[in-house]
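The values are calculated or read from the model by the stated rules, or taken from the named source; none is laboratory data. What you are looking at is a predicted structure, and each value in this text was computed from that prediction instead of being measured. No Cβ is skipped: glycine too gets one built from the backbone with ideal geometry, and neighbour counts run over all protein chains shown. To get the accessible areas, we keep the full protein, side chains included, count just its heavy atoms, and leave off ligands, DNA and RNA. Shrake-Rupley method; radii C 1.70, N 1.55, O 1.52, S 1.80 Å.
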Amino acid sequence: MSEYVLLSTTDRYRTVTDNPHLERIADYEYYFYGKKRTTFTICRITSSDTRIVIQGLAEVFPDNSIPIKVFPKFEWAEEIEKEIYELDAGEDSRIVKVEA
């Protein structure tokens, strides 16, 4: 059984997905009133010992390394995709899948 995790990046912080223990599955951009607010990344976890690094962009703070065990995990990537598309509910918001 594989486990998947949802990571996000905004204009305030960046979640580093370039990690040997994560396999990037898909990226989605969330737009609200025409402005990109978040990039969501679905990753398959290949090691339960990995850590996720979050770096400040607009705010200055030291890199934060967080164990993967504190992140919610999903059994299927499609579960995460369904959650992401729930944000695409109104005419003022939309989700765009980023093609690799």
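A few points about this structure:
- Residues with amide H under 5 Å from that of Ala26, placed H, sequence gap 5 or more: Ile42
- The count of lysine pairs in the chain that are at least 8 places apart or cross chains, and whose C-alpha atoms lie under 17 Å apart, stands at 4.
- With every protein chain in place, segment 12-100: carbon and sulfur % of accessible area (1.4 Å): 49
- Think of a 1.4 Å ball rolled over the protein heavy atoms: the chain then has 66 Å² of accessible area per residue.
- In terms of packing, defined here as the mean over residues of other Cβ atoms within 10 angstrom, the peptides 74-85, 48-59 line up highest first as 74-85, 48-59.
- Across segment 31-94, Cα pairs under 8 Å and at least six residues apart give a relative contact order of 36 percent.
- More than 19 Å apart - percent of Cα-Cα pairs taken over the chain: 44
- Sequentially through segment 40-52, phi angles give Karplus couplings (6.51, -1.76, 1.60; θ = phi - 60°) of 9, 10, 9, 10, 8, 7, 9, 8, 6, 8, 6, 10, 9 Hz, Gly and Pro residues having no value and appearing as x.
- Each residue, Glu83 and Gln55, gets one label point 7 Å from its Cα in the Cβ direction; the gap between the two is 2.5 nm.
- Length gained on full extension, Glu3 to Arg94: 30.1 nm, using 0.36 nm per residue less the C-alpha separation.
- R0 of 22 Å, Cβ-Cβ distance Lys69-Arg12: FRET efficiency to nearest 0.05: 0.35
- Seen from Leu57, the other residues with C-beta closer than 11 Å to its C-beta sum to a net charge of 0, counting Lys and Arg as +1 and Asp and Glu as -1.
- For segment 6-72, with +1 on Lys and Arg beta carbons and -1 on Asp and Glu, the positive-most of Cys43, Ile66, Tyr30 along the dipole: Tyr30
- The calculated 222 nm mean residue ellipticity attributable to helices in the chain amounts to -2500 deg cm²/dmol, summing -39500 (n - 2.57) over DSSP H runs of n ≥ 4 and dividing by all residues.
- Net +/- balance of residues flanking Tyr28 in space, Cβ distance below 15 Å, scoring K and R +1, D and E -1: -3
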